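Have a look at the structure below, then the notes.
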Amino acid sequence: MLLRKISLIFCILSLAGCSSTNAPDPNYTLTITGTLKFISPTALPPNASVVCVWPSSSENYGSNGLPQTFGTATFDTVAKTFSVSFSGVPPSQSVTSGAKTVTLGYAHILLVGDDASTYPQRQFGPYNARILGAVNNTAVVYHSSNFTLSSSVFQWLNASQGYVVGTRVATTADGDSMVQSGSSGLVLTINTDTTGIHLPDVIPGFGTVVF
């Protein structure tokens, strides 16, 4: 899967138009904030934590069923708020082809716990982990390149390099269609039944993008 995604980025490199002079400077920091929404009364385990996981960085998932995490997160069950701060370049895919370079990675915002007796490990989206909740239809994206991405799937990233919050607006044959959204007011839905939550696939599988 990782090789397929890297191949996709090579396709972007070879088929995108060059435009290095108009590219904005990357923003290497971001803080996102939001509220916790309990669908039903839920007693969280003491070791529950908010994490951002980056599935585009590696196919080697940890023993807890999650890929590498990046970002400093806090949450408050009394105030029902959470925040995640990023600084620097996160786990991502970096590809160089001639004079063209691109770094592209994305993360899902999850609430996880390790109490197997209360929250059994289960399949949720691409993960097999003890997930108690997530931010629906939303991903944190890091993008940096010295050219303009021409694919309709990625064009929304061209206006703002570095960290961007993206929201899924539709799923098409080319993958999830995203738009840039704000970094505040996000809602992390907490429920033992997370079937209604969609984790967007920001980097579609190879062969599904029409350039």
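Coordinate-derived values only; no laboratory data. Model, not experiment: these values are computed from the prediction. FYI the Cβ positions are ideal-geometry reconstructions off the backbone, even for glycines, and counts take in every protein chain you see.
Show the residues, 5+ positions off or on another chain, whose built amide H is closer than 5 Å to the amide H of N146.
Long-range HN contacts for N146: T101.
By its C-alpha gyration tensor, with a ≥ b ≥ c as the square roots of the eigenvalues, how is region 93-184 shaped: rounded for a/c under 1.5, else prolate for a/b larger than b/c, else oblate?
Numbers: a/c = 2.42, a/b = 2.04, b/c = 1.19.
Because a/c hits 1.5 or more and a/b exceeds b/c, region 93-184 counts as prolate.
Amide H to amide H under 5 Å from L66: which residues, 5+ apart in sequence or cross-chain, H placed 1.01 Å off N in plane?
When sequence neighbours closer than 5 places are left aside, there are no close amide H contacts.
Going toward the positive end of the dipole of region 90-194, with +1 on Lys and Arg Cβ and -1 on Asp and Glu Cβ, which of T172, N191, T103 do you reach last?
Checked the options; the winner is T103.
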